[in-house]
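The structure appears right after this line, and notes come after that.
The values are calculated or read from the model by the stated rules, or taken from the named source; none is laboratory data. Everything numeric here is computed off the predicted structure, so don't read it as measured data. Heads up, the Cβs are rebuilt from the backbone with ideal geometry, glycines too, and the neighbour counts pull from every protein chain shown.
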Amino acid sequence: MNNTNLDLRPISSVAGVEVLGVDLREPIAEGTQRSLREAWHSHALLLFRNQKLGEADQLRVARVFGEISTEGEYGDQNYVSNVIPDGLTPHGELAFHVDHSWSDNPLRGLMLYAIEVPPEGAGGETKFANVKLAYELLPPHVRTRIADLQIVHTYPDQTKHVPIPGPDPRPGMPTATHPLVFPHPVTGEKLLFCSPRHFDRIVGLSADEGLAWAQELARYIDRPEVVYTHVWHPGDLVVWDNLQLQHARTNFDRSYRRHLRRTQIGMPAAVTA
């Protein structure tokens, strides 16, 4: 790649562009790396189709966007998979969430590469909710009410598909407190930072009142006008902004193999680097 003029195709009105004509096995010129970072910050999600990437290739590409994070004892890479014994979240539906929102420094980005996936129409799609748009949909009185509230996120209870307040917090679980209206660290735009799967409580509210607010806000995150659903094909590589886009997964038949390689991006690389 030696052309800094990327060929981008919008994939939804919510977020995301497909980057066309790029073979990520080839070295990526510095100018093109800057263009990819600019596109990522502008569109929150980049899709590369028909890629043939090994583990080393994926790590090299991920470093275009930032530092590799090993938080969570996963190492450089791990697999969202029902194919290998230690695969992450191998089966079932997952509610919308921000990865590592229970950390003081949530992951800035995530990358998934599809190796094996269920056939189209069989489920296992990844849904992306633009929480900047979700915040903008809130009525003015709701924005005013939540403007200064703090929300506690805790390590996910694997059975928690809807917001359920835990103890204060659940003993021994990683827990972090964040603004409910979270300023994006690059753009400064306001994000609705209510991650239903990781929700523990809202500071200063009773458990019932906090749960009611979490359930109400979750409905804005799951509204069709803020959600893009990605149907996976082998060879798809998707990198997304973990703060601006919450993600979820639709259910799928356990008889189908689903095997995706995952890379965590911590501190992002500067656009002007």
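Before moving on, here are some points about what is shown:
- When every residue of segment 43-60 is checked against the conditions, at least one turns out to be assigned to a helix (DSSP H, G or I), of a type in the set (Lys, Arg), at pLDDT 95 or above and more than 18 Å from the chain's Cα centre (by Cα).
- Residue tally, condition of a type in the set (S, T, N, Q) and either in a helix (DSSP H, G or I) or outside the structural domain of Ala62 (by TED's automatic domain parsing) (or both), over segment 6-42: 4
- Checked against (1) closer than 20 Å to Leu88 by Cβ; (2) modelled with pLDDT under 65, Pro163 passes all but condition (1).
- Complete set of residues in segment 1-42 that are under 22 Å from the mean Cα position of the chain (by Cα) and among the basic types (Lys, Arg): Arg9, Arg34, Arg37
- Filter result (over 15 Å from the mean Cα position of the chain (by Cα) and either on the phi < 0 side of the Ramachandran plot or assigned to a loop (DSSP other than H, G, I, E, B) (or both)) within segment 109-132: Ala114, Ile115, Glu116, Val117, Pro118, Pro119, Glu120, Gly121, Ala122, Gly124
- Residue that is farthest from Glu30 (Cα to Cα), among those in segment 73-87 that are crowded, with 16+ Cβ neighbours inside 10 Å and not β-branched (Val, Ile, Thr): Asn82
- Inspection of segment 183-193 finds no residue satisfying the criterion of being in a helix (DSSP H, G or I), among the polar types (S, T, N, Q) and either over 14 Å from the mean Cα position of the chain (by Cα) or within 28 Å of Ser81 (Cα to Cα) (or both).
- Scanning segment 218-234 for residues that are in a helix (DSSP H, G or I) and touching a residue at least 40 places away in the same chain (Cβ under 8 Å) gives Ala218, Tyr220, Ile221, Glu225, Val226.
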